[in-house]
Ligand code: SF4
């Protein structure tokens, strides 16, 4: 039998578990998701538990998975399921798509895997598999071509016995894209659909899918103020949403070293210590981060970062950090310093 059958979100028709895995797997590899998925379910075993939690706790558990808007939507979605749907996920892709953070493909995955609806998924992996199998050479950067592929994906769906066939078909397609039909090195000799595959027959799987638009990367330099007090506590403030690290707690962020210094009183400026600059790579952006450390007196507040809309700040002791939603590089920085 082909495919994976041992992942914790497989072999279940529980929409909460399938939805949670689908959201986590958007833009994140299976190996990374496994530990987060388990931790989330240990803490929030039902959608009711998740809806009742505070956003800070949800973001803290998500910390390190990236794309934090997913976590904020996840939380709002759970609250909508409770408030608008009586605590049960809707059973059709059309209704599922009305929930925060649930797009067309995610809705189709939940509806087909959990409720046997005859509806096609088309996430990045599945686009690749179908484009190769069908020899679909139109540019998927154009939405008309993507719609055409979606129609073809719908035509290929099973035609009967949906409760049994749809979960198996959908799971099989997802597994094929995640394992054998990989982007760079498809293992065509092991592939169960090799005999149907146009790209294989042409000897050029790498030609598909065609997508002309490339992600444009940018770079940004930011300065971080690491304000601390004698008891080890650090000043952290909530990042604005939307934006990088939106909703997470972070060291105050400034657009330059000069901007950071200009915000500090003279006597604090005199005690500023530069720490080694480091690079943090996001999907669309390279961040060059320059931390500056300064010791503050008890009861002394810290000026807000100059990035527009920065939220409220407070002093947090090391024992409070684990429960906060912190960007992964900031958490690493603080933990390394605490252990030094
Ligand atoms: Fe992908 Fe190769 Fe299988 Fe075609 S034969 S679906 S290119 S792994």
field: Under the Debye formula (equal points on every Cα, no solvent term), log10 I(q)/I(0) of segment 178-221 at q = 0.26, 0.27, 0.31, 0.32 Å⁻¹
entry: -0.97, -1.02, -1.20, -1.24
field: Cβ-Cβ FRET estimate between residue 159 and residue 27, R0 fixed at 56 Å, reported to 0.05
entry: 0.95
- prompt: Helix 328-339: angle to the longest alpha-carbon principal axis of the chain, degrees 0 to 90, nearest 10?
  reply: 50 degrees
statement: So for R0 = 45 Å, FRET eff. of residue 152-residue 262 from the Cβ-Cβ r, to 0.05, ends up at 0.20
- prompt: Which FRET efficiency value, to the nearest 0.05, is calculated for residue 229 and residue 53 with the Förster distance at 35 angstrom and r the Cβ-Cβ distance?
  reply: 0.75
message: P(r) for the chain, please, calculated from all Cα pair distances in 10 Å bins and given in %.
response: 5, 22, 26, 22, 15, 8, 2, 0
- prompt: Spin-label point model (7 Å from Cα, Cβ direction): what's the residue 95 to residue 336 distance in nm?
  reply: 5.0 nm
field: Value of Rg to Rh for segment 138-255 (Rh from inverse mean 1/r over Cα pairs, i.e. Kirkwood)
entry: 1.21
query: Rg and Dmax of segment 204-289, using alpha carbons, in Å: what are they?
result: 18.3, 66
field: Separation of the residue 182 and residue 39 label points, Cα + 7 Å toward Cβ, nm
entry: 2.6 nm
Shape metrics for segment 148-187, restricted to C-alpha atoms - Rg then Dmax, Å: 12.1, 35
query: In percent, how large is the relative contact order of segment 1-152, given Cα pairs closer than 8 Å and 6 or more residues apart?
result: 19 percent
- request: As a check on your grasp of the helix formula, calculate [θ] at 222 nm for the chain: sum -39500 (n - 2.57) over DSSP H runs of n ≥ 4, divide by the residue count, round to the nearest 500.
  value: -12000 deg cm²/dmol
field: Candidates 132, 198, 213, ranked by Gaussian network fluctuation over the chain, Cα under 10 Å, top entry
entry: 213
message: I want to verify a result. In a Gaussian network model of the chain, Cα cutoff 10 Å, which of these has the top mean-square fluctuation: 267, 280, 228?
response: 267
task: Answer rounded, prolate or oblate for segment 1-86, using the Cα gyration tensor with square roots of eigenvalues a ≥ b ≥ c: rounded when a/c is under 1.5, else prolate when a/b is larger than b/c, else oblate.
output: oblate
message: Report the gain in length on full extension from residue 138 to residue 297: 0.36 nm times residue separation, minus Cα-Cα distance, nm rounded to one decimal.
response: 50.9 nm
- prompt: If you build a Gaussian network model of the chain, linking Cα atoms that sit under 10 Å apart, which residue out of 184, 128, 104 swings the most?
  reply: 184
task: Sort segment 61-175 into rounded, prolate or oblate with this rule: let a ≥ b ≥ c be the square roots of the eigenvalues of the Cα gyration tensor; rounded if a/c is under 1.5, and if a/c is not under 1.5, prolate when a/b is larger than b/c, oblate otherwise.
output: oblate
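Read-outs throughout are calculated quantities, based only on the coordinates presented, and are distinct from any laboratory measurement. Not measured: the values here are computed from a predicted model. Cβ coordinates were reconstructed from backbone atoms using ideal geometry, including for glycine residues, and neighbour counts include every protein chain displayed.
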